[in-house]
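Structure, as structure tokens:
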Amino acid sequence: MWKKYLSLLMAGMLLATLCGCAKKQESSEKDNTESAEEAEEIQEEEEETDEGQTENDQTDEIEIELPQESQLAIDYTLAEGLELPPKTRIAVVAKTTKGNYWKAIRTGMEMAVEDLNEAAGLEGNEKVTMTFEGPDQEDNAEQQINIVDAVLAENPQVLCLAAIDVESCSAQLENAQENGIPVIGFDSGVSSKEMMDTICKTDNYGAGAEAARRLAAAVGDFGEILIVSSQQNTESLTDRVLGFESEITNAHKTVTIVDTVYGDDPEDDRSLEERIREILENHPNLKGCFVTDENAAAEVLDILKNPEYQDMKLAGFDASEKQLKAVREGREVGIICQNPYGMGYATVISAARAILTLDNDEMINAGYQWIDQGNIDLEENQKYLYE
């Protein structure tokens, strides 16, 4: 009988030993897992810190400039002397918050806010603050109106607005005016100019004419060309088309614009790609195309990948990654690049002046630069390349 008890005792001891080993192994594996996770978290934090430092370094290198030829009465690249009251709130509503162009504008604005706080000696919760909002899509005018309504309900000291549609936001701007909230336009304005204290934007008409001169030269100042634009009622794009058309009509008589295609044409529910391909089929001798914005350029560049169109000359607008690559590869003769950092900075400086009831120029020209294979890597042009 004692042998049976001894066998049971030994079995129990063996089982306890095995369980202990299993728990020890489980604990060891858990410790190793936790250590690995901790190491991974530390690495991620270090990467985020490095990324943040890189972004800060890049921001520090940005040089805010506006073109000399604009002959502005006021220097909008300086914050000195603009001592805003503590806790001033600057509300910004852009066409969208997505895309490198709008991110660059925001960066310029944030730089200006930082300089305004330094100029006024504001710190902590006394600082000037800025909100930056916009629709999910650059053509969603209805969503933008709703955002403006919500922003104005919070009673900011100033509203900075890049209007999607020239006829939109009229009621909202009247509301701002009635409540003593100055409105600063940027990138694109509205039809009621008196509703805005000033507007900071590209000379889109002049830029469109510049693109026309460049494209006309690329096609040998002869032949058929096409215009493609994403939106029909956005002031900036409309001005680019008008400037382009005027230059071609008045100065390049042997160049013919066969059509102007708008992505949001309410009378044609086909996709932009379908309509462009139809025009290419109907005009086999088409020699060139002007695209007014990066969205239109993306569509056209995809179509022109076809070897059948390899001789087509394309002139674009905006420094999207896709277009810069096309310029470097010679698939696009060049692009008009805006000055988003300067535009953002000058917009906030003019907003500060409006809050302080100081004068502003009626229009602040942010400037632009033609970029092609020959000058894309020049140091002085890097501020225009918002990749």
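At 0.692 mPa s and 37 °C, plugging the Kirkwood radius over alpha-carbon pairs of segment 257-387 into Stokes-Einstein gives what diffusion coefficient in µm²/s?
So the translational diffusion coefficient is about 195 µm²/s.
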Taking a spot 7 Å from the Cα of VAL258 along the direction of its beta carbon, which residues of segment 180-220 have an amide N less than 17 Å from it? 216, 219-220
C-alpha center-to-center spacing [segment 204-221, segment 323-387] in angstrom: 18 Å
Can you give the three extents of the C-alpha atoms in segment 214-270 along their principal axes, from longest to shortest, in whole Å? 34, 23, 16
Over segment 70-207, what lengths in whole Å, largest first, do the semi-axes of the equivalent ellipsoid take, defined as the square roots of 5 times the eigenvalues of the alpha-carbon gyration tensor? 23, 18, 15
Rounded to whole Å², per residue accessible area for segment 114-226 with a 1.4 Å probe reads 43 Å²
Taking 0.36 nm per intervening residue step and subtracting the Cα-Cα distance, what contour gain separates ARG270 from ASN179 on full extension? 28.4 nm
May I ask you to evaluate 6.51 cos²θ - 1.76 cosθ + 1.60, the Karplus curve with θ = phi - 60°, for each residue of segment 276-288 and list the ³J(HN,Hα) values in order in whole Hz, giving x for glycine and proline? 5, 4, 5, 5, 4, 5, 7, 10, x, 9, 4, 10, x
In sequence order, calculated HN-Hα J values of segment 126-140 (Karplus, 6.51, -1.76, 1.60; Hz; x Gly/Pro): 8, 5, 5, 10, 9, 10, 10, 10, x, x, 6, 10, 5, 10, 8
Stretched out fully, how many nm does the piece from ASP136 to LYS322 gain, at 0.36 nm a residue minus the Cα gap? 64.9 nm
Label point distance in nm, ALA171-ASP372, each placed 7 Å from Cα along Cα→Cβ: 4.9 nm
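With a Förster radius of 30 Å, plug the Cβ-Cβ distance of GLU380 and ASN250 into 1/(1 + (r/R0)^6) and report the FRET value to the nearest 0.05. Please report the intermediate quantities before stating the final value.
Values: r = 31 Å, r/R0 = 1.04.
Computed FRET efficiency for GLU380 and ASN250 comes out at 0.45.
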Modelling each spin label as a point 7 Å along the Cα-to-Cβ direction, I'd like the GLN71/LEU358 distance in nm, to one decimal. 2.3 nm
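Which of the residue pairs LYS103/LYS127; LYS127/LYS322; LYS103/LYS193; LYS98/LYS193 have a Cα-Cα distance greater than 30 Å in the structure shown?
LYS127/LYS322, as the Cα separations exceed 30 Å there.
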Can you give me the long-range amide H partners of PHE186? Hydrogens built in the peptide plane at 1.01 Å from N, cutoff under 5 Å, separation of 5 or more residues or another chain. LEU161, ALA162, ALA163, CYS200
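The values are calculated or read from the model by the stated rules, or taken from the named source; none is laboratory data. Model, not experiment: these values are computed from the prediction. Glycine also receives a Cβ, built like all others from the backbone with ideal geometry; neighbour counts cover every protein chain displayed. Remember, those area values only see protein heavy atoms, side chains included, never the ligands or the DNA or RNA. Shrake-Rupley method; radii C 1.70, N 1.55, O 1.52, S 1.80 Å.
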